[in-house]
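Structure, as structure tokens:
The values are calculated or read from the model by the stated rules, or taken from the named source; none is laboratory data. Remember, predicted model here, so these are calculated numbers, not experimental data. Neighbour counts run over all protein chains shown; Cβ positions are idealised from the backbone, glycine included.
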Amino acid sequence: MAVLEVVDLRKGFRSPDGAVAPIVAVGAFALAAGEQVALHGGSGSGKTTFLHLLAGVLTADAGRIRVAGHDITALGEPARDRVRARHVGYVFQSFNLLQGFSALENVELAMRFGRGVDRPFAEALLARVGLADKLHHRPRQLSIGQQQRVAVARAVANRPELVLADEPTGSLDQRSARDAIELIRETCSEQGAALLVVSHDRGVLASFDDARSFDDLNHATRREPAAAAGS
């Protein structure tokens, strides 16, 4: 059964002159449970926009997106938020950790919006990513690599069926990048989650058996305007 199904997806942005620039035009895309795919493409090709559409952060102009059986294109914003909280994990390039909260609290906060706070599981996740002794450290007290590990634990805290990762190694050195992508892939495998990674890192792409060109997948004919560009 497909965890993610995309059919005739369209998204454009209005430029200052009033014209609508098509950004995403994907005819069909799907991921099965446990499947892991990497996407690469040119800067401004719409990859980040595509991920935001899949997560329900942006609304599509046309087409259908089904996530874990839910047609998010037919839902209002509150319902999309609930689907995202319960069924989708997101690993951001900039991590997006809350600076005033500890590593444990950052993971628990994600749980609060999803299936409910489970402190033993949150602690186990942080131990799994090598941070058992950093539970009460705030992001500024952690290295960049450690912050990324917190972000991975947070992304899978609600046992999502789908994990999206947008340039998850972009802030890391080569060794840390390799460790981070291995951690993301292993954690998704352990939970049976489908994984979609967007990256320009050749080392990351080479680690996937299935690495696809977003430029081939996306049939939009124009690049994103600078004000709305996605990497």
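Taking SER189 as the residue in question, decide whether it is closer than 26 Å to GLY116 by Cα and among the polar types (S, T, N, Q).
When the stated conditions are applied, SER189 passes them.
Does PHE113 fit the bill of being at pLDDT 95 or above and surrounded by fewer than 16 Cβ atoms within 10 Å (Cβ to Cβ)? Let's see the steps before the verdict.
Numbers: at pLDDT 95 or above: no; surrounded by fewer than 16 Cβ atoms within 10 Å (Cβ to Cβ): yes.
No; evaluated as a whole, the condition is false for this residue.
Considering only segment 106-155, state which residues are in contact with a Gly (Cβ under 8 Å, 6 or more places away or on another chain) and small (Gly, Ala, Ser).
Once the filter is applied, which keeps residues that are in contact with a Gly (Cβ under 8 Å, 6 or more places away or on another chain) and small (Gly, Ala, Ser), segment 106-155 yields only ALA155.
Hey, which of the strands (runs of 3 or more DSSP E) in segment 1-97, taking only ones fully inside, have at least 3 residues that are farther than 20 Å from PHE208 by Cβ?
Fully inside segment 1-97 and qualifying: 2-14, 20-32, 62-67.
Does ASP17 qualify as being acidic (Asp, Glu), over 21 Å from ALA193 (Cβ atoms), in contact (Cβ under 8 Å) with a residue 24 or more places away in the chain and out of contact with any helix residue (DSSP H, G or I) (no Cβ under 9 Å at 6 or more places or on another chain)?
no
For segment 150-182, which positions are more than 11 Å from the chain's Cα centre (by Cα), more than 19 Å from ALA110 (Cα to Cα) and surrounded by fewer than 23 Cβ atoms within 10 Å (Cβ to Cβ)?
Result: GLY170, SER171, LEU172, ASP173, GLN174, ARG175, SER176, ALA177, ARG178, ASP179, GLU182.
Give me the pairs: first residue in segment 28-51 and touching a residue at least 12 places away in the same chain (Cβ under 8 Å) and under 14 Å from LEU164 (Cα atoms), second residue assigned to a loop (DSSP other than H, G, I, E, B) and among the aromatic types (Phe, Trp, Tyr), beta-carbon distance under 9 Å, and six or more apart or on different chains, which are they?
GLN36/PHE208; VAL37/PHE208; ALA38/PHE208
GLN147 - would you say it is buried (at least 20 other Cβ atoms within 10 Å of the Cβ) and either over 26 Å from ALA32 (Cα atoms) or in contact (Cβ under 8 Å) with a residue 40 or more places away in the chain (or both)?
Judged against the criteria, GLN147 is a match.
Which numbered condition in (1) modelled with pLDDT of 95 or more; (2) assigned to a loop (DSSP other than H, G, I, E, B) is the only one that LEU196 fails?
With (1) modelled with pLDDT of 95 or more; (2) assigned to a loop (DSSP other than H, G, I, E, B) applied to LEU196, the lone miss is (2).
Output the number of the condition that ALA85 fails; it satisfies all remaining conditions of (1) crowded, with 20+ Cβ neighbours inside 10 Å; (2) under 26 Å from LEU183 (Cα atoms).
If we test ALA85 against (1) crowded, with 20+ Cβ neighbours inside 10 Å; (2) under 26 Å from LEU183 (Cα atoms), just (1) comes out false.
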